[in-house]
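Below is one structure, written out as structure tokens, with a few remarks after it.
The values are calculated or read from the model by the stated rules, or taken from the named source; none is laboratory data. Keep in mind the model is a prediction, meaning the values are calculated, not measured. Cβ atoms come from the backbone with ideal geometry, glycine included; neighbour counts cover every protein chain shown. Please note that ligands, DNA and RNA were not included when accessible areas were found on the heavy atoms of the full protein model with its side chains. Shrake-Rupley method; radii C 1.70, N 1.55, O 1.52, S 1.80 Å.
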Amino acid sequence: MKLLVAVDGSPPSGRALELAARLVQGRQGARLVLVHCVPGMSGDLFVGPDAVYRYLEESSERLGRSILDAATRRLGEPRPPVETVLRRGEPGREIVAEAERQRPDLVVVGRRGLGRVTSALLGSVSGYVLEHWRGAVLVVH
């Protein structure tokens with residue numbers, strides 16, 4: 001059993017991670033794929049010195065790696081095999097793209113609970129994944 005879990009360091013993503021860990025606990029051959037998305041930065045849209053652009057890009061990648069590392073540590077020991085994946089871009093799209101690449105049995109995401117108005121205007125990552133991934137999705141409150 002392979003579960004892909006979206007992590008962003010938020011409490012809902014922590015609850016999603018904990019539930020995914022419980023679902024695979026004790027299962028032979030089970031593994032977790034943790035995915036985190038950092039914002040995409042377009043050099044075409046960025047106006048400023050190249051060094052600033054590189055610094056911002058490297059900083060967001062370091063933060064993303066630290067979120068993945070913290071999520072892995074949160075699983076404790078013993079744990080199933082864990083793969084961490086850092087993607088750059090819009091989170092919903094990138095989670096679906098990684099799910100297409102990995103073909104997990106289940107995608108697990110946290111629900112931020114932005115509220116009706118904010119979600120209607122901005123959309124939500126969990127909503128995007130539910131709409132665009134053709135496999136099983138578990139949204140954790």
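Structural remarks
- Residues of the stretch 82-99 that turn out to be out of contact with any Gly (no Cβ under 9 Å at 6 or more places or on another chain) and modelled with pLDDT of 95 or more, as a count: 8
- The single residue among LEU56, LEU45, LEU19 that is modelled with pLDDT of 90 or more, open to solvent by 40 Å² or more (accessible area, probe 1.4 Å), out of contact with any helix residue (DSSP H, G or I) (no Cβ under 7 Å at 6 or more places or on another chain) and among the aliphatic types (A, V, I, L, M) turns out to be LEU19.
- Residue in the stretch 110-127 that is out of contact with any Gly (no Cβ under 6 Å at 6 or more places or on another chain), at pLDDT 95 or above, open to solvent by less than 30 Å² (accessible area, probe 1.4 Å) and not polar (S, T, N, Q) present: no
- All conditions in (1) buried (at least 19 other Cβ atoms within 10 Å of the Cβ); (2) modelled with pLDDT under 95 hold for VAL107, with the sole exception of (2).
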